[in-house]
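Note sheet for the following structure.
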Amino acid sequence: ERNKRGLADLERQLAALGDLRHVLFDGTRPMGDLLAELAADGVDILGVNGGDGTVQAALTALLETRPFPRQPPVAILPRGMANMTAADVGLRGSNAQALRRLTVTAEVGDIERHLVERHVLRVDGLRDCGPQHGMFLGAAALCEAIRICKEKVHSLGLKGEASHAVTLAWLLLNAGLRGLEKVGMHGHDIEIQIDGGQSERARRLLLLATTLDRMVLGSRPFWN
């Protein structure tokens, strides 16, 4: 229900603009099929209105099935429960405001001036699905932090950066008082091999790879 808030304003904006193709990704149809429809209709700018999971699904379909003859610019309108990708490379303001600015910019042919460039990660060898594309990969403690956020923080009605801040504060406080093991941060045996080099297996608290400049709460883990 929280993800549906504000959709009425966005839908009114879509209706007012008129010359936009809008499809709903609700999980009933593969993302690749939806993007193939947009490509067939001649769409040349792809707007993704969703959280990190929706952005990941769109990037995966774009780069694995390649439905567009030429990859379109991707405009991310932040929505959903987690918006780390949108916080770094997405549009600012409410979805309706951002969509209006995007449309005006496209009409005057000024998109190129506003583009930012990021590399996209590709992860394959997954047990239950095909290759996945996105701008960050996290394992171990990050997965455990997401679980804690969903179980303890989202139930309070918080989302986005507010939920990240509360989760981080809760983890730091409880880890300091009770220790990492007590709050569910156990660490995992993770084997890493870089560019075909020698594998290294060790107990690791966190595994993180990202091409984003800024992550949670504006942090820059790879600042140099």
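The values are calculated or read from the model by the stated rules, or taken from the named source; none is laboratory data. Treat the numbers as computed from the prediction; the structure is a model and nothing was measured. Accessible surface is based on the protein model in full, side chains and every heavy atom, while ligands, DNA and RNA are left aside. Shrake-Rupley method; radii C 1.70, N 1.55, O 1.52, S 1.80 Å.
Summary of computed values
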read-out: Accessible surface, the chain, averaged per residue in Å² (probe 1.4 Å); value: 63
read-out: Label assignment, semi-axes √(5λ) of the Cα gyration tensor in Å derived from the structure, set [x] 33, 22, 16; [y] 26, 23, 16; [z] 51, 16, 15; value: [x]
read-out: Shape category assigned to the stretch 163-224 from the gyration tensor of Cα positions, a/c cut at 1.5; value: oblate
read-out: Cα gyration tensor, the stretch 1-77 - rounded (a/c under 1.5), prolate or oblate; value: oblate
read-out: Projected area, mean over directions - the stretch 74-188, Cα convex hull, nm²; value: 9.7
read-out: As computed over the stretch 70-125, the Cα convex hull volume per residue (Å³); value: 115
read-out: Calculated [θ] (222 nm, deg cm²/dmol) that DSSP helices of n ≥ 4 give over the chain, each run adding -39,500 (n - 2.57); value: -11000 deg cm²/dmol
read-out: Surface accessible to a 1.4 Å probe, Leu156 within the full protein complex, Å²; value: 120
read-out: Rounded percent of accessible protein surface that carbon and sulfur make up, the chain, 1.4 Å probe; value: 53
